[in-house]
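Structure, as structure tokens:
The values are calculated or read from the model by the stated rules, or taken from the named source; none is laboratory data. Computed from a predicted model, the values in this text were never measured in an experiment. Cβ atoms come from the backbone with ideal geometry, glycine included; neighbour counts cover every protein chain shown.
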């Protein structure tokens with residue numbers, strides 16, 4: 001059963017199917033939120049809010065062939081992170097996406113022969129524009145399609161593709177290889 005079929009069942013008050021959606025997305029959404037807030041308990045609270053919000057707003061989800069529940073739930077998660085920072089007055093709203101603490105990524109270091117190269121990747125990502133960094137992270141770490149990234153970032157699909165292409169061209173082949181290894 002695909003996401004759209006599950007959502008249709010949930011909309012018919014058969015909410016036991018929502019657990020299938022939850023099980024499918026919980027790890028992805030948790031990693032996404034944790035990367036933004038760098039605190040286990042806060043991430044868990046936000047993720048709980050994400051799924052509660054998704055359940056409460058399923059009736060607002062577009063049920064057509066172009067719809068992606070994946071991008072819809074990531075957008076909810078993105079907005080919940082923004083809400084968290086606004087509510088807790090942690091940082092300015094325009095700097096929220098800049099709060100990507102890439103130390104989390106070092107958990108993947110066991111997959112990589114050289115931590116020095118991993119540090120090069122992290123440093124490079126920290127040095128590029130935050131909107132470009134987000135697109136690369138969505139594409140590489142979260143394996144989102146350009147359509148999904150477009151929905152989350154409010155940029156056109158073509159713009160997301162161009163940004164991704166330009167950034168990846170600037171990175172040498174070894175670094176691209178390391179980025180791919182991080183998601184395997």
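Here are a few things to note about the model shown:
- Residue match in the range 98-115 (condition: at pLDDT 80 or above and either in the same structural domain as residue 134 (by TED's automatic domain parsing) or loosely packed, with under 15 Cβ neighbours inside 10 Å (or both)): no
- For the range 39-69, the tally of residues that are surrounded by 15 or more Cβ atoms within 10 Å (Cβ to Cβ) and not in a helix (DSSP H, G or I) stands at 3.
- Restricted to the range 1-27, and to residues there that are out of contact with any helix residue (DSSP H, G or I) (no Cβ under 8 Å at 6 or more places or on another chain) and at pLDDT 85 or above, the residue that is nearest to residue 45 (Cα to Cα) is 27.
- Figure legend. Inter-residue proximity from the range 44-63: first residues without any contact (Cβ under 8 Å) to a residue 60 or more places away in the chain, second residues not in a helix (DSSP H, G or I), beta-carbon distance below 8 Å, spacing 6+ or different chains. Indicated pairs: 61/67.
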